[in-house]
Amino acid sequence: MVEQEERARMSLARPETDPNVTPRKLLLLSIPAILVGVVSALILWLLDRAADALSNVLWDALPDALNVDPNGWWIILVLTLTGLAVGIALQVLPGHGGPDSATTELVGTPLPLRTLPGLAVVTLLALAGGVSLGPENPIIAINTAIMVAVFTRFIPQVSPQVSTLLAASATIGALFGTPVAAALVFTGLVAAVRTGGSLWDKLFLPLAAAGAASITMHLLGAPPFAFDMPAYGPPQAFDILTGALVACAVTIVGLAALAVFPLVYRALHALRHPIIITTVGGLILGILGFIGGPITMFKGLTQMGELLKDPSQYDAGQLAVIAGIKIVALLVAASALFRGGRVFPATFIGVAIGLLISTLFPSLSMSLVVACAVLGIVLVVARDGWLALFIAVAIPGDIALLPVLCIVVLPAWLLVSQAPEFRILPAPAPGSDTAAGGKPAASS
């Protein structure tokens, strides 16, 4: 009995390693993993550059040539036409642009290759046209599908699950400019695998891919994710209380938007035809953009920089309008068949609400308040505490905030943990339990 107990204690202190994972194998596989990172970053960079080029035509060159104000009725026209163009593309292109982004998670099942050109086109149109969605869901889907196909063809020993993990990790690393984001997001995933072995053995290749992608984006001159904000300083005990209150308050705002999401989705999809849905969605987004101005449009990364460059030029009323319009724009864009992600616009919303709270309570640290606001809204939208923590620290770029945020996230997570995901669940298959009278499928 004593010997059995001793062996049990030793097994807890020294976990068994996976015999299939060796340093030589990890080293060999790190070469394709790094290539995955570089290629994934290049694809994202090309999509961003193409969107920027088309955006310059739509919002600079054409208004100049026609001598019209790009901040007036032009916003309504361009977004309405963007909706029409996206609807036509969804209707006629092979694969119909892939699954509705409102129904997908950040990382999903690899798509057939034939759907990728259509998905790229509708994503490009949405990004350039000013739709309030980010590139994360479509670009992860594109890179994942390509890498799974390449690995299946040339390195079949690597399973589709592993190649999906590498491509998604690389793309997240490229999107946020650091492999840390990918490591945090996928820690929960790989920790759930019950095949034994070291967690860092499982993270080794995704980190290699994400690191290569991040460095590639920096070398290509991609804008940094961190912004110039006042230094936070040493943490104070009172900051935990104020930070928790801010994070929970913004989390409640996010949960309210989550409750409205299915209603907006059903209202727009009652129009039935994709072209009508996207055109009406584009018109609504155009009106919102006309009211709120260009700062409430697009994915939100550049616009965050504009807000944070000189927050004093916005009063509390303006910030409330900006945040409110962006919330509505995100719900409409996500519901109107546009392809795009929700994390980037949600981060912008968090920044706007954080600046609003900082304006109302100027004695509070701006960096702390903005970080806690971003934490609360991203927690609802992404349903991932690691990603929310990472983005909340990354926006002010101040590691001193991390100890406070690690505590602040706990009550905010309690609010989110029992809430549904921020997406529309696909309709159940005929004859399934849900279709037979269970929980309704069309909920967020």
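I need every pair where a residue in the stretch 127-146 that is in contact (Cβ under 8 Å) with a residue 24 or more places away in the chain has its Cβ under 6 Å from the Cβ of a residue that is buried (at least 24 other Cβ atoms within 10 Å of the Cβ) and part of a strand (DSSP E or B), sequence separation at least 6 or different chains.
Pairs found: Gly134/Gly341; Glu136/Gly341; Asn137/Gly341.
Which fully enclosed helices (runs of 4 or more DSSP H) of the stretch 165-275 have 1 or more residues being at pLDDT 85 or above and more than 23 Å from the chain's Cα centre (by Cα)?
In the stretch 165-275, 237-269 are the helices (runs of 4 or more DSSP H) which contain 1 or more residues that are at pLDDT 85 or above and more than 23 Å from the chain's Cα centre (by Cα).
Under 14 Å from Ala392 (Cβ atoms), touching a Lys or Arg at 6+ places or on another chain (Cβ under 7 Å) and either buried (at least 24 other Cβ atoms within 10 Å of the Cβ) or at pLDDT 90 or above (or both): does that describe Ile353?
When the stated conditions are applied, Ile353 does not pass them.
Take Ile295 and decide whether it is in a helix (DSSP H, G or I) and farther than 30 Å from Ala89 by Cα.
no
Leu263 - would you say it is surrounded by fewer than 24 Cβ atoms within 10 Å (Cβ to Cβ), assigned by TED's automatic domain parsing to the domain that holds Pro396, in contact (Cβ under 8 Å) with a residue 12 or more places away in the chain and not polar (S, T, N, Q)?
Judged against the criteria, Leu263 is not a match.
If I go through the stretch 313-327 residue by residue, how many of them are free of Cβ contacts under 8 Å to residues at least 60 places away in the same chain and buried (at least 20 other Cβ atoms within 10 Å of the Cβ)?
4
Under the condition of being aliphatic (A, V, I, L, M) and modelled with pLDDT under 85, which residue from the stretch 405-425 is farthest from the chain's Cα centre (by Cα)?
Filtering first and then ranking leaves Ile407.
Among what's in the stretch 78-95 and is hydrophobic (A, V, I, L, M, F, W, C) and surrounded by fewer than 17 Cβ atoms within 10 Å (Cβ to Cβ), pick the residue that is nearest to Leu288 (Cα to Cα).
This residue is Ile88.
Before we move on, is Thr278 hydroxyl-bearing (Ser, Thr, Tyr) and either surrounded by fewer than 18 Cβ atoms within 10 Å (Cβ to Cβ) or outside the structural domain of Val378 (by TED's automatic domain parsing) (or both)?
It is false that Thr278 is hydroxyl-bearing (Ser, Thr, Tyr) and either surrounded by fewer than 18 Cβ atoms within 10 Å (Cβ to Cβ) or outside the structural domain of Val378 (by TED's automatic domain parsing) (or both).
Whether any residue in the stretch 60-77 is closer than 21 Å to Pro274 by Cβ, β-branched (Val, Ile, Thr) and surrounded by 24 or more Cβ atoms within 10 Å (Cβ to Cβ) is what I want to check.
No, the stretch 60-77 has no match at all.
Going residue by residue through the stretch 302-322, is there one that turns out to be within 27 Å of Leu414 (Cα to Cα) and part of a helix (DSSP H, G or I)?
Taking every residue of the stretch 302-322 in turn, at least one turns out to be within 27 Å of Leu414 (Cα to Cα) and part of a helix (DSSP H, G or I).
Would you check which residues across the stretch 333-354 are touching a Ser or Thr at 6+ places or on another chain (Cβ under 8 Å) and either in a helix (DSSP H, G or I) or hydroxyl-bearing (Ser, Thr, Tyr) (or both) and list them?
Across the stretch 333-354, the qualifying residues are Ala333, Ala334, Pro345.
The values are calculated or read from the model by the stated rules, or taken from the named source; none is laboratory data. What you are looking at is a predicted structure, and each value in this text was computed from that prediction instead of being measured. Cβ coordinates were reconstructed from backbone atoms using ideal geometry, including for glycine residues, and neighbour counts include every protein chain displayed.
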